[in-house]
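Before anything else, here's the structure in question.
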Amino acid sequence: QVQLVESGGGLGQAGGSLRLSCAASGSIFSSNTMRWYRQAPGKQRELVATITNYGSTNYADSVKGRFTISRDNAKNTVYLQMNSLKPDDTAVYYCNTASSSWILWGQGTQVTVSS
């Protein structure tokens, strides 16, 4: 069974950095686009960053220039490097991938940024 497992969340300070990891089990990773979403309390889940299997990336305007998504296909892992953190970055961060017939989510990892 394919699973996504996030790690690396925690408490950060404004202006600081955190790095999230998402490890994928199974054989889907290298051929799939991977995404990071986040959901803050009382808000809808939003797409933060995307990386295709070829390494093309895209970012939400709110994190552009501060966050970097990357992937290591040999390790079946996607990363989200978060720099210049802001209190507004506080949310549960989820890893995601999908095909035409299924969607897969990780369990989420909490990121809390203090001012």
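The values are calculated or read from the model by the stated rules, or taken from the named source; none is laboratory data. A quick note: this is a predicted structure, and the numbers were derived from the prediction, not measured. In this analysis, Cβ positions are derived from the backbone assuming ideal geometry, glycine residues included, and neighbour counts consider all displayed protein chains. Heads up: the accessible areas ignore ligands, DNA and RNA and are worked out on the full protein's heavy atoms, side chains in. Shrake-Rupley method; radii C 1.70, N 1.55, O 1.52, S 1.80 Å.
Residue-wise test of (1) assigned to a strand (DSSP E or B); (2) farther than 25 Å from Val2 by Cα; (3) not hydrophobic (A, V, I, L, M, F, W, C).
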position	(1), (2), (3)
Gly55	no, no, yes
Asn58	yes, no, yes
Ile69	yes, no, no
Leu85	no, yes, no
Thr112	yes, yes, yes
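I'd like the full set of residues that are open to solvent by 40 Å² or more (accessible area, probe 1.4 Å) and farther than 13 Å from Gln39 by Cβ, limited to segment 92-107.
Matches in segment 92-107: Ser99, Ser100, Ser101, Trp102, Ile103.
Answer yes or no: is there a residue in segment 63-72 that is of a type in the set (Gly, Ala, Ser), open to solvent by less than 50 Å² (accessible area, probe 1.4 Å) and modelled with pLDDT of 95 or more.
Checked segment 63-72: at least one residue is of a type in the set (Gly, Ala, Ser), open to solvent by less than 50 Å² (accessible area, probe 1.4 Å) and modelled with pLDDT of 95 or more.
Out of the residues in segment 9-56 that are without any contact (Cβ under 8 Å) to a residue 24 or more places away in the chain, more than 15 Å from Val111 (Cα to Cα) and within 12 Å of the chain's Cα centre (by Cα), which is most open to solvent (accessible area, probe 1.4 Å)?
Leu47
Given Gln110, Gln81, which one is in contact with a Lys or Arg (Cβ under 8 Å, 6 or more places away or on another chain), modelled with pLDDT of 95 or more and open to solvent by 50 Å² or more (accessible area, probe 1.4 Å)?
Gln81
Just one of Ser21, Ser101 is of a type in the set (S, T, N, Q), modelled with pLDDT under 95 and either more than 29 Å from Ser115 (Cβ to Cβ) or in a strand (DSSP E or B) (or both); which is it?
The match here is Ser101.
Condition test on Asn76, is it under 15 Å from Ser7 (Cβ atoms), modelled with pLDDT under 95 and of a type in the set (S, T, N, Q)? Lay out the reasoning, then the answer.
Numbers: under 15 Å from Ser7 (Cβ atoms): yes; modelled with pLDDT under 95: yes; of a type in the set (S, T, N, Q): yes.
Yes: the conditions hold for Asn76.
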